[in-house]
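Novice: First the structure, which I've put down as structure tokens, then a few questions once you've had a look.
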Amino acid sequence: MKLSSIIDKLNVETIAGTGLEEKEVEGVYIGDLLSLVMSKAQRNNLWITIQTHINIVAVATLVDLAGIIIVEGMEIDKDAIEKAKEVGIPLFKTSLSAYEVACKLREFGL
């Protein structure tokens, strides 16, 4: 499923990564412990987390994730936003909980 389709359906705020909406999303990973994300998330997964610091961008780059959705309305560190723009990692924000986002993604077929 295209990232653009997911983002439109979820109605999330795009923070970084405009122009990258045609990336293909092949699955979802939910987690906040970076070491687990590095070892368990798969390439082209969409990552749902409450983490907001610059290291999330490094993890997303390392695993080659399709993008990151920050949930619970958390404020994202400026350094993380700038790095995501620099390296081309789509970064989104929503006030929904991780559970609510996961349920919606399941409804969409992910």
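Novice: So which pairs qualify, if the first residue must be in the range 22-44 and at negative phi, the second must be hydroxyl-bearing (Ser, Thr, Tyr) and surrounded by fewer than 16 Cβ atoms within 10 Å (Cβ to Cβ), the Cβ gap must be under 9 Å, and the two must be at least 6 apart or on different chains?
Specialist: GLU22/SER4; LYS23/SER4; VAL25/SER5; ILE30/TYR99
Novice: Hey, can you tell me all the residues within the range 83-99 that are among the charged types (D, E, K, R) and free of Cβ contacts under 8 Å to residues at least 24 places away in the same chain?
Specialist: GLU86
Novice: I want to confirm something. Restricting to the range 9-20 and keeping residues that are of a type outside the set (A, V, I, L, M, F, W, C) and either farther than 13 Å from ILE69 by Cα or under 11 Å from the mean Cα position of the chain (by Cα) (or both), which single residue is modelled with the lowest pLDDT?
Specialist: Checking each candidate, the answer is GLY19.
Novice: Considering only residues that are closer than 18 Å to PHE108 by Cα and of a type in the set (Val, Ile, Thr), look in the range 1-36 and name the one that is surrounded by the fewest Cβ atoms within 10 Å (Cβ to Cβ).
Specialist: ILE30
The values are calculated or read from the model by the stated rules, or taken from the named source; none is laboratory data. All values reported here derive from a predicted model rather than from experimental measurement. When we count neighbours, we look across all protein chains shown, and the Cβ atoms used for this are built from the backbone with ideal geometry, even at glycine.
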